[in-house]
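Written out below as structure tokens is the structure these notes cover.
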Amino acid sequence: MNHRLTEWIFRANILCFTLLLPILFELAPFDESRLFRIGTSVILLIVIFVLPALNATALLSRVFKCAFDAIEFLSVSVAFALLFVPLMLCAEADVLNILSPELPLVNALISFAAFAFLYRKHDLSYPYSPPPTITRAIFPFQNALLASLIIMVGAIIGIITAYYPLPDLDPYYWVTVFQDQFTKGIISSLTSYRPLFSSLTYLFNQAARVDLYAFFKYIIPFFALTPLIPAVLIARRFARFIPQLIIFLIPLVNASFFLYTTLPIPQSIFNSLLIIAIFFALHALLSGKKFYFHLAGIVLLFGFFFHEMAAIPFIAWLTALLVTERNTLLRFAQRNRLTTGLILALICSNFSLLSPLLAFTTDWTIKVIALIAQSHTNFLFPAQYINIDGNNVGWQGFFGVMQYYTYYFGPASALIFLSLPFIFRRTTIRSWLKKQEVIFLLLSLLIFLLISDILPRFFSIALLPERALGFVSLFLLAFTPFLLIELRDQATTSRYRFIPHILLIALFINLGGALYINSLKTYLITPAQLRSAQWIRANLPQQHIIFSNDHHRLLTFYAGANVDEIGDPELYFDTHVLDEYLADYTPKQVSRPNTIRTQLNDVSNSLADLANKQNPFQTHFLLSIRNESARLENILASIEAEIILMDTSDTTPAKRYIYFAAPSDKNPYANRPYMMRTTRQVEPFIFDQLPERFRRIYSDQENAIYLWEIL
């Protein structure tokens, strides 16, 4: 390993921990300054998120004698930051039953102590010499990296600043889940639903003090930049600027995939991890270092704890490994029976961690087989098809089909698909078909192709085919380096010399499509609807209930309103709908005493467990006690707030209101067949015809937004 890099990491640890000391002991001034709070969060993130990944990579290099150059070291560190830093937090919460905002800082300190112990002072003074395995030509890549960074950062800034609300619906679900979890002082268990997204959010929100909404809106999209460092492993093999830039812009797979990669949802992190795993596999193929192929499999395995879709490329990776290394694995098992037994025992003892992966694979395999038995062809796909939820989501007409493939597949992938015969005409590249890395890429491509086109077209089984098509597009673009290698060896006067330029233009078309579709999301929650939410927050009494056919997230998150949704869109045109609902309506009661009792029971059980199982003079015991103490302080604050609320609130019944907001004509989902669209009212609303029962108190006629009070 580069010892100058090791020395730099050591100094970075010392510097960041030194800067952190005044913050921890509250010695720094201007603690109410926004700039100071941002600076504090940045320092905390470096200490608890970046440095542990660097330290862990250095430990890996030292313990397993791995020879990393600087780019390899940073690439592995990126994977460690995204996976093993949140994984460690989940494991501690599950196994040791400890969790607190200070725990990531303790983990960072332990990682630094281990790093300093293994890399003692005399080791840091060794002169650096490149690993003997590096014999390939490496070309300067800084200009292409800078250009791609400017393009990607500019695109992400454009996406996150296009509108204030969160994009789409899923992020609101996760914000609600994590608000509830963190209030209770817990995170998702490793055996639960997408647990690493919970622990990653906890790191930023609770440990680094980043506002939860700000993390979702402004920080998660920038994780799309993480594949740029592993991309250097491939880009530096090309001498020219254009091929390097193409490699760096592979994350612009298509408009849909890139937007998913910037959404504040678990799949965005998985998308970045999958691109990183592909770059590791390509690096393993081109460098001959099998370590990176194995690392790609580890990334995919633990990527499952971000999103279940990781099971598909992981199965492809495992198949490629067993096909190509089965004899090696058998010889190892025969010669190292004790080690093999210990590995199997370790796997069996932690089978509960793997059970979600196995259950996901077997359940969906059985479901697909059952659906095939009663299937029929649908050669009109994707113009007409029904998804797994029973919704009609077809893209009608020739223009609709073109939109579908342009958005979900993209012109860059189409170009690579057409270039496959050209790529594999070369003997050297054809010989790679037997390599485990290419087998992994091809198997992943075929499985996603099965889901995206074969099952819906020949068996009428639509298991999110549009999303699978994005992964087909990604694995096709994984063959881009092969195309560039073939073109590199062509004469400069070759008729193929313009292909890289066309491919680069296609990637920019993908980017333009993503920015255009994102701009349309401004109309999911319009500025006029946000203004109405602000008016509701400012003018409605604290005790209120709003009935609406839609807009639950708008009214809950931006108006702070108590909302009851009535599913029938005829609510606004037929008073019988409202009357029938009100006849059976029971106001939602939040059982605060029961909630507090449950939290107290949890703390009591944890303290009893600590008293019975742990040595009180161990560090873990002290952390656990502090964690339970913090939970008790939160419960006490909740009780005090509830008492104040009871003393200051009156006992008058909650006032009731009805909210209507017409969807914008520019809403990108408004014309989709599965959306129940509430059109703009042509005739007067039924509530305006009954002034003795309803009174309009808010009216925005230009945008068709109204609020009525039920008298």
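The values are calculated or read from the model by the stated rules, or taken from the named source; none is laboratory data. Everything numeric in this text was worked out from a predicted model, so none of it was measured. Virtual Cβ from ideal backbone geometry, glycine too; neighbours counted across all protein chains shown. Please note that ligands, DNA and RNA were not included when accessible areas were found on the heavy atoms of the full protein model with its side chains. Shrake-Rupley method; radii C 1.70, N 1.55, O 1.52, S 1.80 Å.
Here is how the numbers come out for the structure above:
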quantity	calculated
Residues that are open to solvent by 80 Å² or more (accessible area, probe 1.4 Å), under 26 Å from the mean Cα position of the chain (by Cα) and under 15 Å from Ser256 (Cβ atoms), drawn from the stretch 385-405	Gln403
Residue check for Val175: within 19 Å of Leu524 (Cβ to Cβ) and surrounded by 13 or more Cβ atoms within 10 Å (Cβ to Cβ)	yes
Near pairs, Cβ below 9 angstrom, 6+ apart or cross-chain, from the stretch 354-375 (closer than 12 Å to Ala311 by Cα) to any residue that is surrounded by fewer than 11 Cβ atoms within 10 Å (Cβ to Cβ)	Leu358/Phe351
Condition met for Phe360 (among the aromatic types (Phe, Trp, Tyr), buried (at least 22 other Cβ atoms within 10 Å of the Cβ), touching a helix residue (DSSP H, G or I) at 6+ places or on another chain (Cβ under 8 Å) and within 30 Å of Leu169 (Cβ to Cβ))	no
Among (1) assigned to a helix (DSSP H, G or I); (2) at pLDDT 65 or above; (3) open to solvent by 80 Å² or more (accessible area, probe 1.4 Å) - the single one Leu571 does not satisfy	(3)
Residue within the stretch 34-46 that is over 30 Å from Arg631 (Cβ atoms) and either within 29 Å of the chain's Cα centre (by Cα) or open to solvent by 20 Å² or more (accessible area, probe 1.4 Å) (or both) present	yes
Leading residue by the ranking (surrounded by the fewest Cβ atoms within 10 Å (Cβ to Cβ)) among those in the stretch 520-538 that are under 14 Å from Arg553 (Cβ atoms) and of a type in the set (Gly, Ala, Ser)	Ala533
One residue from Ala79, Ala147 being among the small types (Gly, Ala, Ser), open to solvent by 10 Å² or more (accessible area, probe 1.4 Å) and either closer than 30 Å to Phe248 by Cβ or at pLDDT below 95 (or both)	Ala147
Residue among Leu245, Leu282, Leu249, Leu273 that alone is under 17 Å from the mean Cα position of the chain (by Cα) and either among the polar types (S, T, N, Q) or modelled with pLDDT of 95 or more (or both)	Leu273
Looking only at the stretch 282-303, and only at residues there that are of a type in the set (Phe, Trp, Tyr) and surrounded by fewer than 24 Cβ atoms within 10 Å (Cβ to Cβ), the one that is nearest to Ser188 (Cα to Cα)	Phe302
Selection status of Ile517, surrounded by fewer than 17 Cβ atoms within 10 Å (Cβ to Cβ), within 31 Å of the chain's Cα centre (by Cα), without any contact (Cβ under 8 Å) to a residue 12 or more places away in the chain and assigned to a helix (DSSP H, G or I)	no
Within the stretch 190-201, considering residues that are in contact with a Pro (Cβ under 8 Å, 6 or more places away or on another chain) and open to solvent by 10 Å² or more (accessible area, probe 1.4 Å), the one farthest from Ser352 (Cα to Cα)	Arg194
Candidate set: the stretch 82-120, residues that are under 26 Å from the mean Cα position of the chain (by Cα), open to solvent by 40 Å² or more (accessible area, probe 1.4 Å) and charged (D, E, K, R); chosen: the one farthest from Cys16 (Cα to Cα)	Asp94
Test result for Thr339, surrounded by 10 or more Cβ atoms within 10 Å (Cβ to Cβ), free of Cβ contacts under 8 Å to residues at least 24 places away in the same chain and over 23 Å from Phe458 (Cβ atoms)	yes
So Ile369, is it among the β-branched types (Val, Ile, Thr) and open to solvent by 70 Å² or more (accessible area, probe 1.4 Å)	yes
Residue check for Arg209: charged (D, E, K, R), over 30 Å from Thr406 (Cα atoms) and either at pLDDT 95 or above or surrounded by fewer than 20 Cβ atoms within 10 Å (Cβ to Cβ) (or both)	yes
Pairs, first farther than 16 Å from Pro264 by Cα in the stretch 151-162, second open to solvent by less than 30 Å² (accessible area, probe 1.4 Å) and part of a helix (DSSP H, G or I), C-beta under 8 Å, six or more apart	Ile151/Leu511; Met152/Ala224; Met152/Leu228
Residues (open to solvent by 30 Å² or more (accessible area, probe 1.4 Å) and either in contact with a strand residue (DSSP E or B) (Cβ under 8 Å, 6 or more places away or on another chain) or not polar (S, T, N, Q) (or both)) located in the stretch 158-167	Gly158, Ala162, Tyr164
Scope the stretch 529-562; condition aliphatic (A, V, I, L, M), touching a helix residue (DSSP H, G or I) at 6+ places or on another chain (Cβ under 8 Å) and over 12 Å from Ala654 (Cβ atoms); matching residues	Leu530, Ala533, Ile536, Leu554, Leu555, Ala559
Residue match in the stretch 473-495 (condition: open to solvent by 10 Å² or more (accessible area, probe 1.4 Å) and under 30 Å from the mean Cα position of the chain (by Cα))	no
Of all residues making up the stretch 552-568, the number that are open to solvent by less than 30 Å² (accessible area, probe 1.4 Å) and touching a strand residue (DSSP E or B) at 6+ places or on another chain (Cβ under 9 Å)	7
Residue check, Ala70 surrounded by 19 or more Cβ atoms within 10 Å (Cβ to Cβ), in contact with a helix residue (DSSP H, G or I) (Cβ under 6 Å, 6 or more places away or on another chain) and farther than 19 Å from Leu15 by Cα	no
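Conditions (1) free of Cβ contacts under 8 Å to residues at least 12 places away in the same chain; (2) open to solvent by 10 Å² or more (accessible area, probe 1.4 Å); (3) hydroxyl-bearing (Ser, Thr, Tyr), marked per residue:
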{"residue": "Leu252", "(1), (2), (3)": "no, no, no"}
{"residue": "Leu259", "(1), (2), (3)": "no, no, no"}
{"residue": "Pro264", "(1), (2), (3)": "no, no, no"}
{"residue": "Phe280", "(1), (2), (3)": "no, no, no"}
{"residue": "Thr319", "(1), (2), (3)": "no, yes, yes"}
{"residue": "Glu325", "(1), (2), (3)": "no, yes, no"}
